[in-house]
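One structure is given below, encoded as structure tokens.
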Amino acid sequence: MMKFEFYNPTRLIFGAGSLAQLGKAVRPYGKKALLVIGGGSVKKSGAFDRAVSSLKAAGVSVVEFSGVEPNPRLSTVVRAAELAKKEACDVVIGMGGGSVMDASKVIAASVLYEGHPKDMLVRAGKVPRLPERALPIITVPTLAATGSEMNNGAVITIDDEGEKLKTFVQADVLYPRVAVVDSELTVTVPKNHTAFGVCDIITHVTEGYFNGIDGTPLQDRFAEGVILTVLEWGPKAVNDGSDLEARTQVQWASIVALNGWVQAGVNMVAPVHMIEHTLSALYDTPHGAGLAVVNPAWMRFAARVRPDRFAQFAQRIFGLSATGKDDLSLAMEGINRFEEFLRSIGCPTRLSELSIGEITEEALLRYAEETLKVLQDEEGRLPGRPPLRKEDIVEILRMAM
Ligand code: NZQ
Ligand code: ZN
């Protein structure tokens, strides 16, 4: 039987043109905003100027922090938090992709955190000291992928000398107060990042679908709804970036995929994400591209343990017939179809397609060890169904070559 508690306090203002409401949405939470952006895409598109106008019209002054990098670094977060303190900002706005939004969340928490923000991040063998306070956070996503705009998670790369670990924090104070989601802001996302986003959305729900507990029929249908919607609308957004309807449908799917609703009661763990984060940490691989490589390989590995689940995926997502097939062969057929879909929208699906240097056995072993530095169970395995030992992670990566 399922038991769960659901909490998500983020107000969602959704739809094309919503950016005009940013000032009004922020004003109840502060008068001086740290406006956090990435490498400049929002300036090029004009979205930054429109955001600033809306804020100023509502009586909110702006302190800009630009230059959050993809796979955001902790050192960048620390610099931004210092600026927010120095300028006495009372609200933090993250306007960009998941990297910018995640950085903004940890910046907002760092301003009020006693000690180094590294201590709030998950690392194997250490108990994170979660933030209990944060400046109010407002998110303005410009890329449909992570769902960070309406969840309580942030993924950050520790970039200390001698340590490069991509890890995360999840805490209630990191829920944005408001997410202003304007799909018009996503029309400038290039083809490759649009496709990576599609893969990320699907992977957010497949993690729960395949690793969660048994007996969650409604959650299964929610997850399948997200996947089917993205299979239909994702290619349209990739093929014609200016298709606002497709951009809007994909963006809504990205939010639903990871705002907690689909995951409610499934007891989700995310081994594919954990393995991918190592690639992003070591090689700055874009998150969704790394997932497109790791997920099919992980599926082929895990299907041996839970073939019925993957057979269900094959039937319900790709409409494959079970006649004359055992669960495992049907499962493998479904996974092949999934991989073909990823390739059809331009995602890499093999390690050799990523810029990660020579893939030796030593390198694979190192990825596995790095992955386990973030999260492991009492027996030293990465949580999931099945839990993964170091050798299993190596095998999955080998299957992705
Ligand atoms: O930096 P700028 O110039 O803005 O360019 C970005 C960046 O180069 C560009 N971009 C974003 N919006 C654009 C645009 N280019 C043109 N037009 C626009 N409208 O896209 C590039 C990638 O941006 P990034 O933010 O890195 O991508 P994404 O949204 O996929 O975020 C990935 C990060 O989020 C984490 C990932 O691990 C990774 O660090 N995740 C966060 C999660 C969460 N908080 O819940 C869950 C996810 O599973 C994920 O792990
Ligand atoms: Zn993801």
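Every number here is computed from the coordinates shown, using simple stated rules; none is lab data. Keep in mind the model is a prediction, meaning the values are calculated, not measured. All Cβ positions, even for glycine, are placed from backbone atoms using ideal geometry, and neighbour counts span all protein chains on display.
Using Cβ counts within 10 Å as a stand-in for footprinting exposure, how do 373, 86 rank, fewest first? Numbers along the way, then the final one.
Details: 373 15, 86 9.
Listing 373, 86 from fewest to most nearby Cβ atoms yields 86, 373.
Here is the link list: 32/105; 44/118; 325/390; 56/118; 86/166; 3/373. Which ones come out longer than 23 Å on Cα distance? If you can, show how the numbers build up before the last one.
Numbers: 32/105 16 Å; 44/118 33 Å; 325/390 32 Å; 56/118 34 Å; 86/166 28 Å; 3/373 30 Å.
In this structure, 44/118; 325/390; 56/118; 86/166; 3/373 lie more than 23 Å apart at Cα.
Helix 244-257 against the longest principal axis of the chain: what's the angle in degrees, Cα atoms only, rounded to the nearest 10?
It is inclined by approximately 80 degrees.
Charges on Cβ only, +1 for Lys and Arg, -1 for Asp and Glu, centred on the Cα centroid of region 11-186; of 25, 57, 111, which one is farthest towards the dipole's positive end?
Result: 57, furthest along the dipole toward the positive end.
Is the shape of region 110-229 rounded, prolate or oblate, going by the alpha carbon gyration tensor and its root eigenvalues a ≥ b ≥ c, with a/c under 1.5 for rounded and a/b larger than b/c for prolate? Let's see the in-between values first.
Working: a/c = 1.71, a/b = 1.36, b/c = 1.26.
Since a/c reaches 1.5 and a/b is larger than b/c, the shape of region 110-229 is classed as prolate.
Considering only 92, 173, 305, give the residue with the highest GNM mean-square fluctuation for the chain, with springs between Cα atoms whenever their separation is below 10 Å.
Among 92, 173, 305, the largest GNM mean-square fluctuation belongs to 305.
Full extension from residue 160 to residue 44: what is 0.36 nm times the residue separation minus their Cα-Cα distance, to one decimal in nm? If you can, show how the numbers build up before the last one.
Values: separation 116, 0.36 × 116 = 41.76 nm, distance 3.17 nm.
The residue 160-residue 44 span can extend by a further 38.6 nm.
Give me 188, 194, 76 sorted ascending by neighbouring Cβ count inside 10 Å, so fewest comes first.
Details: 188 16, 194 26, 76 21.
Ranking 188, 194, 76 by Cβ neighbours within 10 Å, fewest first, gives 188, 76, 194.
Pull out a ≥ b ≥ c, the square roots of the eigenvalues of the alpha-carbon gyration tensor of the chain, then state rounded if a/c is under 1.5, prolate if not and a/b is larger than b/c, and oblate in the remaining case.
Working: a/c = 1.75, a/b = 1.40, b/c = 1.25.
Prolate.
Let's see if you can work this out: charge +1 on each Lys and Arg Cβ, -1 on each Asp and Glu Cβ, no other charges. What is the dipole magnitude of the chain about its Cα centre, in debye to the nearest 20? List each step's numbers first, then the result.
Values: 43 positive and 48 negative charges, 212 e Å.
Roughly 1020 debye, rounded to the nearest 20.
Just the number, please: percent antiparallel of the DSSP beta bridges in the chain, rounded to the nearest 5.
Values: 8 of 29 bridges.
About 30 percent, rounded to the nearest 5.
What is the sum of charges around residue 140, taking Lys and Arg as +1, Asp and Glu as -1, for the other residues whose C-beta is under 10 Å from the C-beta of residue 140?
Details: positive: none; negative: 149, 182.
Net of charged neighbours comes to -2.
Once the Cα atoms of helix 98-111 and of the chain are each reduced to a long axis, what angle between those two axes, in degrees from 0 to 90 to the nearest 10, is obtained?
Around 50 degrees separate the two axes.
So if I take the centroid of the Cα atoms in region 91-144 and the same for region 225-289, what is the distance between those two points in Å?
21
Less than 14 Å apart at the alpha-carbon level, and either on another chain or at least 8 residues along: which aspartates and glutamates does that give for residue 236?
Counting by Cα, and skipping residues close in sequence, residue 236 has these aspartates and glutamates nearby: 245.
Roughly what would the spin-label model give for residue 3 and residue 353, points 7 Å off Cα along C-beta, in nm?
Between residue 3 and residue 353, the label points sit 4.4 nm apart.
Separation of region 152-219 and region 366-401 by C-alpha centroid, Å?
The two parts, judged by their Cα centres, are 20 Å apart.
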